[in-house]
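Asks: Quick one: structure below, then a few questions.
The values are calculated or read from the model by the stated rules, or taken from the named source; none is laboratory data. Keep in mind that what you see is a predicted model, and the values were worked out from it rather than measured. Positions of Cβ are generated from backbone atoms using ideal geometry, with glycine treated the same way; all protein chains shown enter the neighbour counts. What goes into the accessible areas is simple: the full protein's heavy atoms, side chains included, and nothing from ligands, DNA or RNA. Shrake-Rupley method; radii C 1.70, N 1.55, O 1.52, S 1.80 Å.
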Amino acid sequence: MSRLWKWCMLLAIMAGVPLLLGIDGCGASPLGIDEQTEIQIGQQAAADIEQQYGVITGTAQAQRVNRIGQAIAARSERPGLPWSFRILNVSDVNAVSLPGGPIYVTRGLLEAGVSDAELAGVLAHEVAHVNQRHSVAAIRRAMTYDLLSDLVFGRSSAALQTAVNVAVQYAVQLPRSREAEYESDSIGIRLAYNAGYPAGGLVTFFQRLQQISGPQTAPSWMRTHPTTADRIARAQQIVAQVQGQPRPVPVALLQREVKEIKAVATEKSYEPQVRLLPE
Ligand SMILES: [Zn+2]
(Lines give C-alpha, C1' and ligand atoms only; values in the text may rest on other atoms or scores of the structure.)
Protein backbone atom coordinates (compact mmCIF):
# COMPACT_ATOMS: atom_id res chain seq x y z
CA MET A 1 0.00 0.00 0.00
CA SER A 2 1.52 3.29 -1.10
CA ARG A 3 2.01 6.14 1.31
CA LEU A 4 -0.44 8.31 -0.61
CA TRP A 5 -3.00 5.56 -0.37
CA LYS A 6 -2.57 5.25 3.40
CA TRP A 7 -3.13 8.97 3.77
CA CYS A 8 -6.20 8.82 1.62
CA MET A 9 -7.63 5.93 3.60
CA LEU A 10 -6.89 7.68 6.87
CA LEU A 11 -8.48 10.92 5.68
CA ALA A 12 -11.52 9.07 4.44
CA ILE A 13 -11.96 7.19 7.71
CA MET A 14 -11.54 10.41 9.69
CA ALA A 15 -14.23 12.01 7.54
CA GLY A 16 -16.57 9.19 8.58
CA VAL A 17 -17.68 8.67 5.01
CA PRO A 18 -15.12 6.30 3.54
CA LEU A 19 -14.10 7.21 -0.01
CA LEU A 20 -17.26 9.18 -0.52
CA LEU A 21 -15.52 12.35 -1.33
CA GLY A 22 -14.20 11.12 -4.63
CA ILE A 23 -10.65 12.08 -3.74
CA ASP A 24 -9.31 11.55 -7.20
CA GLY A 25 -5.72 11.67 -5.97
CA CYS A 26 -6.48 8.16 -4.68
CA GLY A 27 -6.61 6.83 -8.20
CA ALA A 28 -6.32 3.22 -7.10
CA SER A 29 -9.43 3.40 -4.89
CA PRO A 30 -11.25 0.04 -4.76
CA LEU A 31 -14.37 2.10 -5.39
CA GLY A 32 -12.99 3.68 -8.54
CA ILE A 33 -15.43 3.40 -11.47
CA ASP A 34 -13.76 1.24 -14.13
CA GLU A 35 -13.89 2.02 -17.83
CA GLN A 36 -16.46 -0.64 -18.62
CA THR A 37 -18.87 0.76 -16.00
CA GLU A 38 -18.14 4.30 -17.20
CA ILE A 39 -19.12 3.25 -20.75
CA GLN A 40 -22.26 1.51 -19.48
CA ILE A 41 -23.35 4.65 -17.57
CA GLY A 42 -22.67 6.84 -20.61
CA GLN A 43 -24.58 4.61 -23.05
CA GLN A 44 -27.64 4.53 -20.80
CA ALA A 45 -27.45 8.29 -20.18
CA ALA A 46 -27.18 8.81 -23.96
CA ALA A 47 -30.36 6.78 -24.52
CA ASP A 48 -32.16 8.93 -21.90
CA ILE A 49 -30.97 12.23 -23.41
CA GLU A 50 -31.79 11.15 -26.97
CA GLN A 51 -35.26 10.06 -25.93
CA GLN A 52 -35.84 13.34 -24.10
CA TYR A 53 -34.55 15.78 -26.75
CA GLY A 54 -34.47 13.86 -30.04
CA VAL A 55 -31.49 13.43 -32.37
CA ILE A 56 -31.03 14.64 -35.94
CA THR A 57 -29.46 11.93 -38.14
CA GLY A 58 -28.75 11.39 -41.83
CA THR A 59 -28.08 15.06 -42.69
CA ALA A 60 -24.92 16.73 -44.03
CA GLN A 61 -24.59 18.52 -40.68
CA ALA A 62 -24.81 15.20 -38.80
CA GLN A 63 -21.99 13.82 -40.97
CA ARG A 64 -19.93 16.98 -40.43
CA VAL A 65 -20.26 16.77 -36.62
CA ASN A 66 -19.31 13.08 -36.60
CA ARG A 67 -16.36 13.51 -39.00
CA ILE A 68 -14.79 16.39 -37.05
CA GLY A 69 -15.51 14.74 -33.68
CA GLN A 70 -14.00 11.36 -34.64
CA ALA A 71 -10.83 13.04 -35.98
CA ILE A 72 -10.39 14.75 -32.61
CA ALA A 73 -11.25 11.70 -30.47
CA ALA A 74 -8.61 9.68 -32.36
CA ARG A 75 -6.01 12.15 -31.01
CA SER A 76 -7.24 11.95 -27.40
CA GLU A 77 -5.58 9.84 -24.74
CA ARG A 78 -8.56 7.43 -24.91
CA PRO A 79 -8.90 6.67 -28.64
CA GLY A 80 -10.46 3.24 -28.01
CA LEU A 81 -13.66 4.51 -26.35
CA PRO A 82 -16.93 4.10 -28.28
CA TRP A 83 -17.02 7.80 -29.23
CA SER A 84 -20.16 9.19 -30.89
CA PHE A 85 -20.90 12.75 -32.03
CA ARG A 86 -24.53 13.62 -32.64
CA ILE A 87 -26.90 16.58 -32.95
CA LEU A 88 -29.62 17.11 -30.34
CA ASN A 89 -32.81 18.66 -31.69
CA VAL A 90 -32.68 21.65 -29.35
CA SER A 91 -32.73 25.32 -30.38
CA ASP A 92 -30.55 26.53 -27.50
CA VAL A 93 -26.78 26.78 -28.12
CA ASN A 94 -25.09 23.99 -26.18
CA ALA A 95 -22.75 21.01 -26.28
CA VAL A 96 -22.63 18.16 -23.78
CA SER A 97 -20.55 15.10 -23.05
CA LEU A 98 -21.35 11.87 -21.20
CA PRO A 99 -19.04 9.33 -19.56
CA GLY A 100 -17.23 7.00 -21.93
CA GLY A 101 -17.74 8.78 -25.25
CA PRO A 102 -21.20 10.11 -26.23
CA ILE A 103 -20.97 13.81 -27.22
CA TYR A 104 -23.67 16.12 -28.55
CA VAL A 105 -23.98 19.57 -30.02
CA THR A 106 -27.38 21.23 -30.35
CA ARG A 107 -29.15 22.22 -33.55
CA GLY A 108 -29.02 25.79 -32.19
CA LEU A 109 -25.23 25.71 -32.05
CA LEU A 110 -25.04 24.75 -35.73
CA GLU A 111 -27.71 27.30 -36.67
CA ALA A 112 -25.49 29.97 -35.10
CA GLY A 113 -23.29 29.41 -38.19
CA VAL A 114 -20.19 28.03 -36.48
CA SER A 115 -17.16 27.47 -38.72
CA ASP A 116 -15.38 24.08 -38.84
CA ALA A 117 -12.64 25.53 -36.62
CA GLU A 118 -15.20 26.69 -34.02
CA LEU A 119 -17.06 23.38 -34.13
CA ALA A 120 -13.73 21.55 -33.72
CA GLY A 121 -12.94 23.80 -30.73
CA VAL A 122 -16.25 22.97 -29.04
CA LEU A 123 -16.10 19.22 -29.79
CA ALA A 124 -12.47 19.02 -28.64
CA HIS A 125 -13.41 20.76 -25.38
CA GLU A 126 -16.09 18.09 -24.79
CA VAL A 127 -13.68 15.28 -25.76
CA ALA A 128 -11.28 16.70 -23.15
CA HIS A 129 -14.01 16.46 -20.45
CA VAL A 130 -14.32 12.72 -21.26
CA ASN A 131 -10.56 12.32 -21.53
CA GLN A 132 -10.24 13.74 -18.00
CA ARG A 133 -13.22 11.74 -16.63
CA HIS A 134 -14.82 14.88 -15.14
CA SER A 135 -18.30 13.44 -15.10
CA VAL A 136 -17.05 10.19 -13.52
CA ALA A 137 -15.56 12.29 -10.71
CA ALA A 138 -18.93 14.07 -10.30
CA ILE A 139 -20.72 10.71 -10.04
CA ARG A 140 -18.27 9.55 -7.35
CA ARG A 141 -18.80 12.77 -5.40
CA ALA A 142 -22.59 12.55 -5.60
CA MET A 143 -23.16 8.91 -4.66
CA THR A 144 -23.29 7.48 -1.16
CA TYR A 145 -20.75 4.83 -0.21
CA ASP A 146 -23.35 2.05 -0.39
CA LEU A 147 -24.63 3.09 -3.81
CA LEU A 148 -21.12 3.51 -5.18
CA SER A 149 -20.16 0.11 -3.85
CA ASP A 150 -23.28 -1.47 -5.44
CA LEU A 151 -22.38 0.23 -8.72
CA VAL A 152 -18.74 -0.83 -8.72
CA PHE A 153 -19.55 -4.44 -7.90
CA GLY A 154 -22.57 -4.51 -10.23
CA ARG A 155 -24.92 -5.44 -7.39
CA SER A 156 -27.95 -3.31 -8.22
CA SER A 157 -29.62 -1.71 -11.19
CA ALA A 158 -30.78 1.10 -8.86
CA ALA A 159 -27.15 2.11 -8.33
CA LEU A 160 -26.56 2.19 -12.10
CA GLN A 161 -29.73 4.25 -12.59
CA THR A 162 -28.57 6.74 -9.95
CA ALA A 163 -25.20 7.11 -11.70
CA VAL A 164 -27.01 7.63 -15.01
CA ASN A 165 -29.22 10.33 -13.43
CA VAL A 166 -26.16 12.14 -12.08
CA ALA A 167 -24.41 11.92 -15.48
CA VAL A 168 -27.44 13.42 -17.27
CA GLN A 169 -27.85 16.16 -14.67
CA TYR A 170 -24.15 17.02 -14.79
CA ALA A 171 -24.22 17.13 -18.60
CA VAL A 172 -27.24 19.34 -19.15
CA GLN A 173 -27.86 21.43 -16.04
CA LEU A 174 -24.97 22.00 -13.70
CA PRO A 175 -22.22 24.58 -14.03
CA ARG A 176 -18.79 22.95 -14.33
CA SER A 177 -16.06 23.92 -11.91
CA ARG A 178 -13.57 26.45 -13.20
CA GLU A 179 -10.95 23.75 -12.68
CA ALA A 180 -12.70 21.36 -15.09
CA GLU A 181 -13.21 24.14 -17.64
CA TYR A 182 -9.59 25.29 -17.60
CA GLU A 183 -8.38 21.73 -17.95
CA SER A 184 -10.72 21.01 -20.86
CA ASP A 185 -9.86 24.29 -22.61
CA SER A 186 -6.12 23.55 -22.36
CA ILE A 187 -6.38 20.00 -23.61
CA GLY A 188 -9.16 20.69 -26.11
CA ILE A 189 -7.28 23.50 -27.89
CA ARG A 190 -4.35 21.12 -28.41
CA LEU A 191 -6.56 18.23 -29.56
CA ALA A 192 -8.33 20.40 -32.17
CA TYR A 193 -4.98 21.66 -33.40
CA ASN A 194 -3.53 18.14 -33.62
CA ALA A 195 -6.59 17.07 -35.66
CA GLY A 196 -5.63 19.69 -38.27
CA TYR A 197 -7.80 22.66 -37.24
CA PRO A 198 -6.63 26.18 -36.32
CA ALA A 199 -5.96 26.39 -32.57
CA GLY A 200 -8.15 29.48 -32.11
CA GLY A 201 -11.57 27.94 -32.90
CA LEU A 202 -12.72 27.73 -29.26
CA VAL A 203 -11.83 31.38 -28.65
CA THR A 204 -13.76 32.61 -31.69
CA PHE A 205 -16.68 30.46 -30.52
CA PHE A 206 -16.57 32.21 -27.11
CA GLN A 207 -16.58 35.57 -28.88
CA ARG A 208 -19.50 34.53 -31.07
CA LEU A 209 -21.46 33.50 -27.94
CA GLN A 210 -20.83 36.86 -26.33
CA GLN A 211 -22.16 38.61 -29.42
CA ILE A 212 -25.36 36.59 -29.65
CA SER A 213 -26.25 36.62 -25.95
CA GLY A 214 -27.97 39.36 -24.01
CA PRO A 215 -28.50 39.23 -20.23
CA GLN A 216 -31.84 37.41 -20.69
CA THR A 217 -30.76 35.09 -23.47
CA ALA A 218 -27.48 33.55 -22.31
CA PRO A 219 -27.11 30.28 -24.22
CA SER A 220 -27.17 27.21 -21.97
CA TRP A 221 -23.51 26.56 -22.83
CA MET A 222 -22.78 29.70 -20.80
CA ARG A 223 -24.76 28.41 -17.81
CA THR A 224 -23.01 25.03 -17.76
CA HIS A 225 -19.66 26.42 -18.93
CA PRO A 226 -19.14 29.83 -17.26
CA THR A 227 -17.36 31.88 -19.93
CA THR A 228 -15.53 34.61 -18.05
CA ALA A 229 -13.08 37.21 -19.35
CA ASP A 230 -10.36 35.35 -17.40
CA ARG A 231 -11.19 32.14 -19.14
CA ILE A 232 -11.07 33.69 -22.60
CA ALA A 233 -7.76 35.44 -21.88
CA ARG A 234 -6.30 32.18 -20.66
CA ALA A 235 -7.50 30.27 -23.73
CA GLN A 236 -5.95 32.98 -25.94
CA GLN A 237 -2.59 32.42 -24.24
CA ILE A 238 -2.73 28.69 -24.98
CA VAL A 239 -3.66 29.37 -28.61
CA ALA A 240 -0.66 31.70 -28.92
CA GLN A 241 1.65 28.98 -27.56
CA VAL A 242 0.27 26.24 -29.81
CA GLN A 243 -0.50 27.92 -33.14
CA GLY A 244 2.31 27.49 -35.66
CA GLN A 245 4.02 24.64 -33.74
CA PRO A 246 4.67 21.41 -35.68
CA ARG A 247 1.84 18.92 -35.19
CA PRO A 248 1.25 16.96 -33.04
CA VAL A 249 1.86 19.11 -29.98
CA PRO A 250 1.90 17.26 -26.61
CA VAL A 251 -1.60 17.09 -25.13
CA ALA A 252 -0.63 16.78 -21.46
CA LEU A 253 -0.86 19.88 -19.27
CA LEU A 254 2.30 21.88 -18.60
CA GLN A 255 3.56 22.08 -15.00
CA ARG A 256 2.64 25.78 -14.92
CA GLU A 257 -0.93 25.01 -16.03
CA VAL A 258 -1.32 22.32 -13.37
CA LYS A 259 -0.33 24.89 -10.74
CA GLU A 260 -2.77 27.48 -12.10
CA ILE A 261 -5.58 24.94 -12.13
CA LYS A 262 -4.80 23.80 -8.58
CA ALA A 263 -4.96 27.44 -7.49
CA VAL A 264 -8.45 27.97 -8.90
CA ALA A 265 -9.57 24.61 -7.50
CA THR A 266 -9.34 26.06 -4.00
CA GLU A 267 -12.05 28.60 -4.86
CA LYS A 268 -14.96 26.65 -3.44
CA SER A 269 -17.63 28.92 -4.91
CA TYR A 270 -16.92 27.41 -8.33
CA GLU A 271 -17.52 23.80 -7.25
CA PRO A 272 -20.55 22.32 -9.01
CA GLN A 273 -23.33 21.35 -6.63
CA VAL A 274 -24.32 17.89 -7.76
CA ARG A 275 -27.55 16.66 -6.22
CA LEU A 276 -29.06 13.23 -6.44
CA LEU A 277 -32.31 13.24 -8.39
CA PRO A 278 -35.32 11.61 -6.71
CA GLU A 279 -35.67 7.98 -7.78
ZN1 LIG B 1 -16.75 22.37 -20.39
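Asks: Would you mind stating whether G108 is of a type in the set (G, A, S), more than 15 Å from the ligand (Cβ to nearest atom), open to solvent by less than 20 Å² (accessible area, probe 1.4 Å) and under 26 Å from Q169 (Cβ atoms)?
Replies: yes
Asks: Just name the residue that is nearest to T37 (Cα to Cα) out of those in the stretch 145-199 that are surrounded by 23 or more Cβ atoms within 10 Å (Cβ to Cβ), away from the ligand (no atom under 16 Å from the Cβ) and not hydroxyl-bearing (S, T, Y).
Replies: By that ranking, first place goes to L151.
For every residue, the table says whether it meets (1) modelled with pLDDT under 85; (2) within 22 Å of Q132 (Cα to Cα); (3) within 16 Å of the ligand (Cβ to nearest atom).
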residue	(1), (2), (3)
V203	no, yes, yes
Q210	yes, no, no
I232	no, yes, yes
A235	no, yes, yes
V239	no, yes, no
V258	yes, yes, no
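Asks: Can you tell me which residue is farthest from Q207 (Cα to Cα) among those in the stretch 131-144 that are away from the ligand (no atom under 16 Å from the Cβ) and either open to solvent by 10 Å² or more (accessible area, probe 1.4 Å) or without any contact (Cβ under 8 Å) to a residue 24 or more places away in the chain (or both)?
Replies: Checking each candidate, the answer is T144.
Asks: What about G80, is it at positive phi, surrounded by fewer than 18 Cβ atoms within 10 Å (Cβ to Cβ) and modelled with pLDDT of 95 or more?
Replies: Judged against the criteria, G80 is not a match.
Asks: Given the conditions (1) open to solvent by 10 Å² or more (accessible area, probe 1.4 Å); (2) within 15 Å of the ligand (Cβ to nearest atom), and given that S115 satisfies all but one, which numbered condition is not satisfied?
Replies: With respect to (1) open to solvent by 10 Å² or more (accessible area, probe 1.4 Å); (2) within 15 Å of the ligand (Cβ to nearest atom), S115 is out only on (2).
Asks: Can I ask one more? Conditions: (1) of a type in the set (G, A, S); (2) open to solvent by less than 10 Å² (accessible area, probe 1.4 Å); (3) more than 23 Å from D230 (Cα to Cα). A128 meets all but one. Number of the miss?
Replies: Here A128 clears every test but (3).
Asks: Right, something else. Could you please find all residues in the stretch 83-108 being modelled with pLDDT of 95 or more, among the hydrophobic types (A, V, I, L, M, F, W, C) and under 17 Å from A128 (Cβ atoms)?
Replies: Scanning the stretch 83-108 gives W83, F85, L98, I103, V105.
Asks: Shifting gears a bit: Taking the condition of being closer than 17 Å to A95 by Cα, at pLDDT below 70 and either more than 16 Å from the ligand (Cβ to nearest atom) or open to solvent by 40 Å² or more (accessible area, probe 1.4 Å) (or both), how many residues in the stretch 212-221 meet it?
Replies: The total comes to 2.
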